[in-house]
Amino acid sequence: MAAAKIKKGDRVVVLSGKDKGKTGEVTRALPKDGKVVVSGVNVATRHKKPSQTDPQGGLDKFEAPLHVSKVALADPKTGAATRVRFETRDGKKVRVAVKSGEVING
């Protein structure tokens, strides 16, 4: 399996869809499905019927997973969307932002 270009805790920019241009932090990475969950982005609403356990019912808002191709890493320097490159520095494989050449922590 290849190394992940986008990981949990990364700051990302949404490239397409209703939340295009929004930035957020990856709260969950789902590598098997090729999806990520970003905080405050792609918020879905589910209508809950009142039940024994939840007598109130109502609206349940949650962040739905986004396909990883719809997000790009935010450049650590500028905050703009950037691609990710892998380089070997000091004998360690690190992620590098293509736009600025900055090493991405993590």
Total charge of the residues flanking residue 89 in space, meaning their Cβ is under 15 Å from its Cβ, with Lys and Arg +1 and Asp and Glu -1, is +1
Rounded to whole Å, √(5λ) for the Cα gyration tensor eigenvalues of the chain, largest first, gives 34, 15, 10
Residue span residue 92 to residue 64: 0.36 nm per residue of separation minus Cα-Cα distance leaves a gain in nm of 6.7 nm
Ordering 88-95, 51-58, 26-33 by per-residue average of other C-beta atoms within 10 angstrom, highest first, gives 26-33, 88-95, 51-58
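Since every read-out is calculated from the coordinates, none of them should be taken as a lab result. What you are looking at is a predicted structure, and each value in this text was computed from that prediction instead of being measured. Note that each Cβ is placed from the backbone with ideal geometry, even for glycine, and that neighbours are counted across all protein chains shown.
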